[in-house]
Structure formats: C-alpha cells, structure tokens
Amino acid sequence: MGFFSFFGSLVIAGIVGYLFEKWEFSHNGILPSIVIALGAVILLFMIRVMFGWTFGSPGLDAIIGSAAALILIPTEVAYRRRQKNRRR
C-alpha cells in the first residue's frame, strides 16, 4: 500500500505545483514549481516512513508539504526576475 500512496503523493504534488503557478502564488515557472513540490513531498514521505511524523493521510501530507515548500523556497529564477523588474 505504501507504493501507491508514494506515487499518489507525487501526482498530488505535481498538481499543487502547477496550480500554485497558475494561481500566481509563486513566480518560479511551472517546471521549477513542480520540481520544488516533488522534492518536498519526497522529503516529507521519507520523514513519515522513518519517524512516523504525519499531518494525516499521505494526500494531506502531499498538499501541505508541497504548498509549504512553494511558499518558503524562492528560486534563483524568481529572484532574478524580480530584480530585472525593479530596474525598469
């Protein structure tokens, strides 16, 4: 069952990364946002397996983890874009 919950969490992370970019919560670009969300979910899933820490179901963990990462981790691309816009 862990196999399906892991890949389901990755799918949810991809969807959350895409939606965050479409709804303009983050300004990283679609692909970097999805990669950040996937990395957060993998990290959170490993913490869940190793230590048993969880927010609830694996889907809820995926949503919370990917959303938190997208809010907390600005990328270099977004930083450069903001700097370029300030110069104008």
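The values are calculated or read from the model by the stated rules, or taken from the named source; none is laboratory data. Everything numeric in this text was worked out from a predicted model, so none of it was measured. Cβ sites come from the backbone with ideal geometry, for glycine too, and all protein chains shown count toward neighbours.
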Condition (residue is over 16 Å from the mean Cα position of the chain (by Cα), modelled with pLDDT of 90 or more and farther than 14 Å from Ile15 by Cβ) applied to the range 71-87: is it met by at least one residue?
no
Yes/no for Ser33 being in contact with a Gly (Cβ under 6 Å, 6 or more places away or on another chain) and either more than 24 Å from Phe3 (Cβ to Cβ) or not aliphatic (A, V, I, L, M) (or both)
yes
Some residue of the range 32-54 being among the small types (Gly, Ala, Ser), farther than 20 Å from Val77 by Cα and surrounded by fewer than 15 Cβ atoms within 10 Å (Cβ to Cβ):
yes
